Amino acid sequence: ATGWEAELRVAYDDLIPVRAMLRLASEFYAEPDCANCTTRLRLVCEVFGGCWDALASERADLVIAAPGDGPPGGGYSVREMGAVEWVFVVAPDHPLAKAPEPLKSEDILRHRAVAAADSSRNLPPRTAGLLGGQDVLTVPDIHAKLEAQRMGLGNGYLPRFIAEREAAAGRLVVKETEEAKHTLPLYLAWRTAHRGKALEWFLKRLQQPGTLARLLTMNDE
């Protein structure tokens, strides 16, 4: 009757630090129009195709920074938020750290990769940046992947904004590869049938210029 939803379920990609999502929730709660609203926010972090899976299975009303193309079928609206470039990185003491560039696929194949597991429950899980036959250490999310690569447990691709920060601190080394760099678009998507003031607030806030960059670079550390 008031136009505010009883609950708004928001799924966000694990590239976005939880601090950024909590800041977004704080801004929502501070909105004057929300002073007397009773909308409960439910924030859920997903990995790779997990955001699209949450939207398609109606576990989420809104997804933020969903990577790559969405699943076939209707029922949702989409807006591109921007794109993230991924670069190949290894720990300073990894055998590939001093290897001549550009790295060849056969050189990379000899060493273990680190991959974050897709959190999809119903859609086919996605992978990227892995070579056929390569040994793989699978971890829960991008944060665990970063830590594993810092420890030298494997190689792999990380977003450039993370890789450059880590390289500047001496924790990782960015390496050129023969294969083209990966650029992945990120999308804002929501269920078209959903109507409510809370969703309207988030859509207005998240479609402002520069929002994706601000969300991605709000570091937890």
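The values are calculated or read from the model by the stated rules, or taken from the named source; none is laboratory data. Just so it is clear, the model here is predicted, and its values are computed rather than measured. Note that we place each Cβ from the backbone using ideal geometry, even for glycine, and neighbour counts take in every protein chain shown. Ligands, DNA and RNA are stripped out before the accessible areas are found, and what is left, the full protein with its side chains, is counted by its heavy atoms. Shrake-Rupley method; radii C 1.70, N 1.55, O 1.52, S 1.80 Å.
Think of each Lys and Arg Cβ as +1 and each Asp and Glu Cβ as -1; about the Cα centre, that makes the dipole of segment 43-165 roughly 220 debye.
Rounded to the nearest whole angstrom, the semi-axes of the ellipsoid equivalent to the chain, taken from the Cα gyration tensor as √(5λ), stand at 36, 18, 14, largest first. Can you tally the net charge around Thr192? Count Lys and Arg as +1, Asp and Glu as -1, for every other residue whose Cβ sits under 13 Å from the Cβ of Thr192. For residues surrounding Thr192, the net value is +1. Accessible surface comparison of Asp93, Asp61, Asp135, probe 1.4 Å, protein chains only, largest first: the order is Asp93, Asp135, Asp61.
Assuming charge only on the beta carbon of Lys and Arg (+1) and of Asp and Glu (-1), the dipole of segment 127-206 about its Cα centre is about 620 debye to the nearest 20. Measuring with a 1.4 angstrom probe and ignoring ligands and nucleic acids, His143 comes out at about 90 Å² accessible. Its alpha carbons give segment 52-138 an Rg and a Dmax of 17.1, 50 Å.
Could you tell me the distance between the Cα centroids of segment 12-68 and segment 150-174, to the nearest Å? If you average the Cα positions of each part, the centres end up 27 Å apart.
Partner lysines whose Cα lies under 24 Å from the Cα of Lys181, excluding those fewer than 8 positions away in the same chain, are identified as Lys98, Lys104, Lys145.
The GluC sites (Glu not before Pro) of segment 1-104 that meet both conditions, a loop assignment by DSSP and at most 13 other Cβ atoms within 10 Å of the site Cβ, are Glu58.
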